[in-house]
Every structure is written in C-alpha cells, then in structure tokens.
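**Student:** Take this structure, written in structure tokens, and hold onto it; I'll ask about it next.
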Amino acid sequence: MLNKSLSKILIQPAVGMALLTAVNAAVSSASLAQGQPLPPTTQPPITQTQLDTNYSLGGGDLIRVNVFEVPEYTGEYQIPPGGAINLPLIGSVSVLGLTTEQASDEIARRYARFLKRPLISVNLLSPRPINIFVAGEVTRPGAYTLNLSGGAGNNPGVQYPTVLAALTTAQGVTLAADVTQVELRRRIGRSSEQAVTLNLKELIQTGKLSQDITLRDGDTIVVPTATNFNVAESRNIFASNFAASQTTPRTVTIIGEVNRPGSYLVTPANTDAQGGATPNSGTTTPNGLPNVTRVIQLAGGITAQADVRNLKLRRPTRTGSEQSIDINLWQLLQSGDANQDIIVQDGDTIVIPTATEINPAEATQLATTTLSPTRIQVGVVGEVKKPGLTDVQPNSSLNQAILAAGGFNDARASSKAVDLIRLNPNGSVTKRIVKVDFSAGINEQTNPILRNNDVVVVNRSGSAKTGDTVNTITGPLGVIFNLLNLFGL
C-alpha cells in the first residue's frame with residue numbers, strides 16, 4: 001500500500017506524470033537487464049536459441065490482484081480454463097498466456113477508464129500442475145501431468161519439473177533414440193511457439209545442467225530416432241537415469257543358427273521364457289545385462305553352422321521404420337570388444353546367418369565359448385558298443401560321436417560307411433551315407449561336424465543275424481525311425 005506522502009505527490013498532474021514516466025523507464029531497463037519480456041506491444045521477437053523461462057498464466061492458477069489504494073477491488077482469483085477472470089468494475093479480463101507483469105499491465109489498462117493512474121500488481125499464489133506431452137523414442141509416449149514440488153506461489157522453494165523428470169515419467173528413452181537432438185517446444189503468449197534443441201549426451205558427459213531445462217505447462221518434448229546407430233553411445237544411454245529401466249523384462253526374437261529359435265523374455269532372473277529354470281539346455285546360466293549373447297544362451301547356443309561375424313539386429317522405431325545393426329561376435333571373442341555385445345530392447349529381432357564355409361579351427365574355438373552350448377545330444381545307434389543318445393561337445397565330428405558311443409561292435413558292424421540322419425529346422429528329414437575314415441580330420445565328406453539331434457546309424461555287417469536289426473530300437477530314437485519310414489528314407 002502506498003504511503004500518504006507518495007499518494008499526494010501522484011495526485012499532482014505534472015509531478016505525478018514525471019514520476020510515473022521515470023518509474024516506467026526504470027522498470028523497462030530492469031526487465032531488459034533480467035531477461036524478462038516487455039509488454040506485448042514492445043516485446044522483441046523470440047529466437048530459436050534462447051528459451052523463454054517466464055511463467056505464463058493459465059487455467060488452474062491461483063492469483064492475487066492488488067489494486068493499490070482501492071482495497072475493495074483487491075482479491076484472489078482462480079483462473080478458469082478459458083483464462084478470463086471477472087474483476088470489480090471492469091468485468092472479464094483474459095490473462096491466458098500472459099506473465100504476471102503482462103497481466104498487471106492489461107488490468108491497469110482496463111482500470112484506466114475508471115481510475116486515475118491505477119497501480120496494479122498480480123501475484124501467483126499457487127501454480128497449476130504442469131501438463132506436457134512426450135513423443136518419439138520413449139518407452140511410453142503420451143500426455144503427462146507433472147506436479148510441482150517444494151513450496152508454491154511466492155514461496156521461493158517451489159521446484160518445477162525438468163526435461164529429465166518428464167523422460168523418466170515416460171519410462172525412459174529407448175536405445176534407438178538420438179539424445180543429442182531432443183527438441184523442446186513451448187507456447188509463448190497466446191499464439192506463438194518456441195523450440196530449442198537439447199543435447200542430453202553433453203549432460204551425461206560433462207554434467208552441464210543447462211541441458212536439463214525446467215518445464216512449463218503445455219511443453220512438448222520430442223526424442224528423435226537416431227539415423228546412425230552407435231553401440232558405445234547406446235551403452236551410455238542404457239546406463240543413464242533417463243533411459244528405460246534396466247530391469248524391465250523385454251521380449252526378443254532370435255532366428256537362424258541357434259538350437260532353439262524363437263521369442264524369449266529376457267529378465268534379470270535366471271529363468272527361461274516360461275519363467276522357470278531352463279531344463280537340459282546345455283548352456284551356462286544366463287546372467288547380467290540383457291545383451292545379444294545372453295539371448296543366444298537362452299536360445300540354447302549357436303549351432304556349428306553359425307556365422308558369428310555377420311549377425312543382424314533389427315530394431316523397430318517409433319517412426320515405424322527399422323534400424324539394422326551389424327554385429328561381429330568374432331571380434332568380441334578375439335579382441336574383447338564389448339560394444340559388439342549390444343544391449344537389446346523390447347521388440348528386437350536377432351538374425352544369426354548360416355556360414356558359407358566352416359573353418360575347423362574356428363569351429364573348435366567357438367565350441368569352447370559361452371556362445372555355444374556346453375553339450376549337445378546326438379544319437380549313435382546300431383552296431384556300436386553303447387548305442388543310444390550320447391552327449392558330446394558342440395562341433396564334435398562324426399568320428400568323435402562314434403568313439404563316444406564305445407566304437408564299432410567289431411563282430412557285427414559295417415565299418416566302411418554309416419548313415420547320417422538329420423532333422424532339419426524346417427521339419428524335413430535328410431539321410432546321407434558317409435564313408436568312415438578315422439585317420440581324417442574334420443571334413444564334410446568323411447568326418448563332418450554334427451548338429452544337435454543328429455543320428456548316426458551304424459549298419460550290420462553281412463554276417464550279422466537277420467533278426468537282430470536296429471528296428472528293435474524303442475524310445476525317442478524309435479520315433480526317428482518312424483519318421484524315416486514316413487519319408488521313405
């Protein structure tokens with residue numbers, strides 16, 4: 001409230017006008033110095049590099065309008081959704097989109113018709129919740145309401161939510177995001193819009209909080225899709241607090257040269273896709289980060305025909321497109337390049353192609369890594385000393401499987417050639433005759449590498465008794481021979 005002496009001075013026309021002119025000039029200078037906007041008639045154009053951080057009034061705000069020297073016109077008002085408040089004497093005044101200073105000027109202009117040189121102030125007592133929209137590469141795009149924390153209104157302890165808080169509320173950015181080009185759009189006043197680009201990578205690397213801007217009601221955050229995937233940056237995003245939760249289960253599909261192609265739920269627990277312990281998988285218990293190698297372990301490991309240099313990861317994006325990421329797991333095994341072991345996210349598909357040729361030395365080396373199952377099962381039946389299902393190491397050869405089954409039953413076996421029966425991934429069954437040469441190394445003609453579920457049939461020699469045949473085989477191997485009969489093999 002103005003004191004009596006100042007009121008008397010303002011009543012004098014000449015003195016009052018001079019004083020008000022000086023006050024207005026001082027206020028304008030202070031506004032420019034502090035970066036505050038001027039009234040709409042003199043406000044400079046908004047640039048795209050500086051974001052207006054002033055608070056714009058809107059529906060839900062609780063304000064106090066002070067009319068100095070006229071206390072009966074002073075009061076508190078809850079701004080309705082339309083933005084217009086009803087004031088004594090002058091009626092409806094729209095303050096939607098105005099700062100408190102601009103609202104003061106607008107109300108003073110309206111009261112000037114009835115009061116001589118009215119002095120008006122508008123104070124924000126309780127701000128409305130912050131309604132924002134988050135779009136693009138986040139886990140759950142959509143509209144969100146963020147509450148203020150701390151004090152309220154004139155209380156300096158009030159805290160407005162930031163961009164990182166909004167991304168966390170949207171359950172984090174995806175691994176397909178380009179966090180160097182995050183766009184924040186803000187409505188300014190009643191008709192214009194301002195946009196600024198934020199580099200959250202800089203925030204991660206340098207801790208510059210200038211990239212984490214406080215939000216205002218009506219803001220929109222857009223996280224774009226990365227045009228070029230960077231595996232190192234992807235790992236940094238995964239480790240940040242504004243990324244999708246590391247412990248959230250994610251469904252990943254793996255196809256190609258693995259022992260159990262299909263979709264798997266990758267979770268922090270040591271469980272299979274059905275949520276229980278993985279039985280008889282022949283793999284080490286999968287642990288740690290949800291990465292490509294862990295999915296391979298869940299799928300029973302790679303087959304002997306896998307090309308580990310040319311894996312593909314297909315990742316859907318929010319734009320409806322697909323990222324295609326090349327993976328070289330051989331480089332991971334040889335040089336320890338952990339960046340090749342890419343973190344997976346929900347909806348990813350891993351494709352493991354078939355190698356055009358098999359290097360026996362590399363195949364043996366791969367068999368000792370966690371990419372391969374610890375054991376595979378093959379059937380060695382007929383004239384061997386221990387016929388039945390045999391556990392062998394991955395990438396074991398035909399000769400090794402025969403020896404693991406005790407070797408030929410010398411008195412009855414036809415040792416020159418055996419039948420190799422293979423159940424193919426597409427459901428077909430093939431059979432071929434392989435000439436046996438125990439002195440040969442691994443080769444496709446006489447000593448091929450076996451696959452999981454292969455069956456080696458050692459036939460009888462000509463002197464074997466007629467009634468003693470492999471048709472007496474029962475159990476799981478009997479099913480195989482039924483299939484052979486069905487396919488005429």
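**Student:** In contact with a helix residue (DSSP H, G or I) (Cβ under 6 Å, 6 or more places away or on another chain) and either among the hydroxyl-bearing types (Ser, Thr, Tyr) or closer than 30 Å to Asn339 by Cβ (or both) - does that describe any residue in region 156-172?
**Tutor:** No; the residues of region 156-172 include none that is in contact with a helix residue (DSSP H, G or I) (Cβ under 6 Å, 6 or more places away or on another chain) and either among the hydroxyl-bearing types (Ser, Thr, Tyr) or closer than 30 Å to Asn339 by Cβ (or both).
**Student:** Let me ask something else. I want to confirm something. Restricting to region 417-444 and keeping residues that are small (Gly, Ala, Ser) and not in a strand (DSSP E or B), which single residue is surrounded by the most Cβ atoms within 10 Å (Cβ to Cβ)?
**Tutor:** Ala440
**Student:** Can I ask one more? Taking Ser56 as the residue in question, decide whether it is polar (S, T, N, Q) and either part of a helix (DSSP H, G or I) or over 35 Å from the mean Cα position of the chain (by Cα) (or both).
**Tutor:** Taking the combined requirement at face value, the residue does not satisfy it.
**Student:** Sticking with this one: Limited to region 383-426, what total is found for residues that are over 30 Å from Asp307 (Cβ atoms) and of a type outside the set (Gly, Ala, Ser)?
**Tutor:** The total comes to 10.
**Student:** Name the single residue, out of those in region 445-456 being in a loop (DSSP other than H, G, I, E, B) and over 18 Å from Gly382 (Cα atoms), that is farthest from the chain's Cα centre (by Cα).
**Tutor:** Within region 445-456, the match that is farthest from the chain's Cα centre (by Cα) is Thr446.
**Student:** Looking at the structure I just gave you, is Pro39 in a loop (DSSP other than H, G, I, E, B), touching a helix residue (DSSP H, G or I) at 6+ places or on another chain (Cβ under 6 Å) and at pLDDT below 50?
**Tutor:** In short, yes.
**Student:** Determine whether Leu298 is in the same structural domain as Val351 (by TED's automatic domain parsing), at pLDDT 85 or above and hydrophobic (A, V, I, L, M, F, W, C).
**Tutor:** Here the answer is yes, as Leu298 does meet what is asked.
**Student:** Is it the case that Ser56 is free of Cβ contacts under 8 Å to residues at least 24 places away in the same chain and among the hydroxyl-bearing types (Ser, Thr, Tyr)?
**Tutor:** No; evaluated as a whole, the condition is false for this residue.
**Student:** Do the conditions hold for Ala165, that is, is it crowded, with 18+ Cβ neighbours inside 10 Å, at pLDDT 90 or above and either in the same structural domain as Arg216 (by TED's automatic domain parsing) or among the hydroxyl-bearing types (Ser, Thr, Tyr) (or both)?
**Tutor:** yes
**Student:** Another one. Do we find that Arg140 is in contact (Cβ under 8 Å) with a residue 12 or more places away in the chain and within 30 Å of Thr225 (Cβ to Cβ) in this structure?
**Tutor:** Against the criterion (in contact (Cβ under 8 Å) with a residue 12 or more places away in the chain and within 30 Å of Thr225 (Cβ to Cβ)), Arg140 qualifies.
**Student:** Another question about this same structure. In region 332-359, what count of residues is obtained for those that are more than 21 Å from Ile449 (Cβ to Cβ), in contact with a helix residue (DSSP H, G or I) (Cβ under 8 Å, 6 or more places away or on another chain) and not β-branched (Val, Ile, Thr)?
**Tutor:** Qualifying residue count, region 332-359: 6.
**Student:** Out of Leu119, Leu124, which single residue is of a type in the set (A, V, I, L, M) and farther than 23 Å from Gln194 by Cβ?
**Tutor:** Step by step, each of Leu119, Leu124 is checked, and only Leu119 is of a type in the set (A, V, I, L, M) and farther than 23 Å from Gln194 by Cβ.
**Student:** Just to be sure I understand the filter: pairs with C-beta atoms under 8 Å, separated by 6 or more residues or on different chains, first member in region 82-93 and of a type in the set (Lys, Arg), second member surrounded by 13 or more Cβ atoms within 10 Å (Cβ to Cβ). Which pairs pass?
**Tutor:** Filtered contacts from region 82-93: no entries.
The values are calculated or read from the model by the stated rules, or taken from the named source; none is laboratory data. Given the structure is predicted, the values throughout are model-derived calculations rather than measurements. Please note: Cβ atoms are built from the backbone with ideal geometry, for glycine as well, and neighbour counts cover all protein chains shown.
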